[in-house]
Amino acid sequence: MSQPVLTLQGIGKDYAATVLDGVDLQLQPGQVLALTGENGAGKSTLSKIICGLVSPTRGQMQLAGQPFAPRSRREAEAQGVRMVMQELGLVPTLTVAENLLLGRLPNRAGWVQRDRLRALAEQQLARIGLTDIDPDLPVSRLGIGHQQMVEIARNLQDDTRVLILDEPTAMLTARESERLFEQVAQLAAAGVALIYVSHRLEELRRICDRVAVLRDGRLVDDRPMAGVTEPELVQRMIGRALDDGQERERRPAGPVKLRVRNLSRAQVVRDVSLDLHAGEVLGIAGLVGSGRTELLRLIYGADRADKGSVELLDKEGQAQPRWTDPITAVRRGIGLVSEDRKSEGLLLPQSIRVNTTLSDLGAVARGGWLQPALERERVRGLVQKLRVRCSSEEQPVAALSGGNQQKVVFARWLHRNCEVLLLDEPTRGVDVGARADLYAELDRMAAEGRALLVVSSDLRELTALCDRIGVMSGGRLVRIFERGDWTEQSLLEAAFSGAGEQQQERVSA
């Protein structure tokens, strides 16, 4: 066997807790390594360490037998180690050509040579079959799938020795995915080593030579891909006694509060129908790109559906007037705890008081005028109820910890007294103590008869909280499990079931 192109020895990373612990890996030239594991297993952290975005707490790396410790992404790229991240790094106001050659624009005496820039960009695009894209077009004019392909093309340089692809097909069509798979095969044949991070097991079996499984920050498996079955891989990813979620009984369900029928948007949400009952917690599980967040946005009115309906029912079972925007949804009694609290959920420079009462200023006003004493009293009560750690209700939200920021988001919807609450990753980035407080609040809300729809990547969270769990895969709601009928194994298998089917449907179309 030839000398490894990349060697990791005892790689560890600590934040408030250990997220990577003693990872050893070797990557050979021309090898495609599948890096997989549950959400939060440490895949992204390990990838970022390799490409210089994060420094390891301990351990060492070698590149072609030489010490390798990049202090930045630029240093890693200078040595031929590149990463295509899930979050696009393109500059939307620049052209496709400028993005492709950013940092190495052809110039003469400081002036960009436009003709040469275009020619080089066309060559780069042709490598992955994107001959139909105008290099002079601003990136903002491209669809998200084409943007992803441009990001991939940007990282395909002649000096690339190691290329990391993090969920590269999450936003691609079947045709674009096929182009990517062809490019992966060509790169491997040319001696480039690739790390392919994905939850899509069909893709991994198709293009990868080896599979490495991370669980809770540790490398628990590293073997040839040939002969590995899906149940084996799922079991290695879980790596613990399966949680059947039998520790408590299903809450008694009230009448249907929210009715969704055949809701669709492009290929991201496809013919989803469900009933959400008063007094229940319905969970939505699924992998990256399965359509979970998009489903909540459609229900809330943040995105426009291509077809289907969403209805809010009153106590008599009659449908209330429909809504097509978040403002009307809030007026109807629907709230949304978004996935990204910092950019979508909070006004960080503003106080806890302002962020909390923003959802219903009328409740703390008299005759059209805000009543400061009433507002402070209301917010103080919610702060105490949720145990928000702060100096006062006037403290800026930006000064709070992540868990206390999330509690402020909850306080906003408690102030509004929403009948239906949509929650997208409600405990992401929240410590154990704050998480327990939020779980208790969700239990109280359900006991009061509110209807909760919870999206989470943490299956243990869903099995602990929910009365029913729906699983999305490939944009479809493929199954709804009743409490007592699910296992973590069955939930994961359902989550993996639709990705290959969706790819096949797109190819057939």
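Laboratory data are not the source of any read-out in this text; all were calculated from the coordinates shown. In this text, all values refer to a predicted model and were calculated from it rather than measured experimentally. Backbone-built Cβ (ideal geometry, glycine too); neighbour counts: all protein chains shown.
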Given Cα pairs under 8 Å that are at least 6 residues apart, what percent is the relative contact order of the chain?
-> 15 percent
Expressed in angstrom, Rg and Dmax over the Cα atoms of segment 342-415 are 11.4, 36
Rank Leu361, Ser338, Pro372 by how far each Cα sits towards the positive end of the charge dipole of segment 338-400 (+1 on Lys, Arg Cβ; -1 on Asp, Glu Cβ) and give me just the farthest.
-> Pro372
Counted charge near Leu100, where neighbours are those whose Cβ lies closer than 12 Å (Asp, Glu -1; Lys, Arg +1) = 0
How are the Cα pair distances of the chain distributed, in percent, across 20 Å bins from 0?
-> 20, 51, 27, 2, 0
So, relative contact order of segment 297-404 in percent, Cα under 8 Å, 6 or more apart, is 21 percent
What would the Debye formula give as log10 I(q)/I(0) at q = 0.15 Å⁻¹ for the alpha-carbon point model of segment 6-238, no solvent?
-> -1.03
Rounded to the nearest 10, the angle in degrees between the Cα long axis of helix 372-386 and the longest principal axis of the Cα atoms of the chain comes to 70 degrees
Around Val455: net Lys/Arg minus Asp/Glu count, Cβ-Cβ under 12 Å = -3
Could you give the size of the charge dipole of segment 342-415 about its Cα centre, using +1 on the Cβ of each K and R and -1 on the Cβ of each D and E, expressed in debye and rounded to the nearest 20?
-> 220 debye
Give the angle, between 0 and 90 degrees and rounded to the nearest 10, that separates the Cα long axis of helix 114-126 from the longest principal axis of the Cα atoms of the chain.
-> 80 degrees
Just how large is the dipole of the chain about the Cα centre, in debye to the nearest 20, putting +1 at every Lys and Arg Cβ and -1 at every Asp and Glu Cβ?
-> 1080 debye
A correct Karplus calculation of ³J(HN,Hα) over segment 402-412, with 6.51 cos²θ - 1.76 cosθ + 1.60, θ = phi - 60°, whole Hz and x for Gly and Pro, returns x, x, 6, 4, 5, 5, 5, 4, 4, 4, 4
Once you have a ≥ b ≥ c as the square roots of the Cα gyration tensor eigenvalues for segment 1-89, tell me rounded if a/c is under 1.5, and otherwise prolate or oblate according to whether a/b is larger than b/c.
-> rounded
With Cα atoms, 0 to 90° folded angle of helix 174-189 axis to the chain main axis = 40 degrees
extent check for segment 430-479: Cα max minus min per principal axis, descending, whole Å, gives 33, 27, 14
Antiparallel DSSP beta bridges within the chain, as percent of all bridges there, nearest 5 = 55 percent
Using alpha carbon centroids, what distance separates segment 36-102 and segment 452-472, in Å?
-> 32 Å
